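Inspection log for the structure reproduced underneath, given as structure tokens.
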Amino acid sequence: MADNKQPQLNGAYYGPAIPPPAQPRYSHHRSRSCCSCLFGFLWKLLVALIVLAGLAVLIFYLVVQPRSFKFYVTEANLNKFEYTNNTLHYDMVLNFTARNPNKKLSIYYDKVEARAFYEGERFANVDVITHMNSFRQYKKSSDPMSGVFSGQQLLMLDNGQVSEFNEDKNIGVYDIYVKLYFRIRFRLGDLISGNYKPKVKCHLKVPLTSNNTTATFTRLVPTKCDVDFY
């Protein structure tokens, strides 16, 4: 009788082959989530810095209470103001007073330039403060300065402007506009700021000194000027 037994397999049987592990897939959603987190952190940091800077400025203003200087014309002497042959001949002295109202800040006046106008036309330009006479103004104090306007200037006034000049001449009081350009610095303790360049505007009615008029400037009735830091 034939032997029908099947031959035995050599070696152990390990079962079916195991497929290799799948490669990890990186999700784009995770990258976008990380970018969003980074953006959110930077945005919060920026907001925090802005808030801190605002608080620092607020505390500085509350403690220091910075204020603009005050500026006045205390006296004006107009000895000559004649217009002939399209030429203005003038001789005028203006005395100013600058006041520092600050309790903690002093002011360095490095340069002051004054320009005088009549009927919208500039006729004179003088240096009131230069490096030769620049000065430091201490807290809660006032200091004088002067501008001497003397000479002649070609002015092409139209008929309307000439008519206004003749009216002022008959009255003996002239509408003169003076604009001053400053270069100043502030000092707080040992700290000195950079340059500031405010402008000061003075609208004046100046009587001719040779005329017996009551509209005159005195130290008791100063004319306040507009100070503009912008």
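The values are calculated or read from the model by the stated rules, or taken from the named source; none is laboratory data. Bear in mind that the values here come from a model prediction, so they are computed numbers and not experimental data. Glycine gets a Cβ as well: all are built from the backbone with ideal geometry, and neighbour counts include every protein chain shown. In case anyone asks, the SASA skips ligands and DNA or RNA and just uses the protein heavy atoms, side chains included. Shrake-Rupley method; radii C 1.70, N 1.55, O 1.52, S 1.80 Å.
Structure summary
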| item | result |
| --- | --- |
| Total formal charge among the other residues, if their Cβ is under 12 angstrom from that of D228, Lys/Arg +1 and Asp/Glu -1 | +3 |
| Cut-off 15 Å, label 7 Å out along Cα→Cβ of Q152, residues of region 84-113 by amide N | 84-91 |
| Net length gained if the chain between C37 and Y177 were fully extended (0.36 nm per residue, minus Cα distance) | 44.3 nm |
| Accessible area of I171 in the full protein assembly, 1.4 Å probe (Å², nearest 10) | 120 |
| Listed residues F186, T130, Q152: farthest to the positive end of the dipole of region 111-230 (Cβ charges) | F186 |
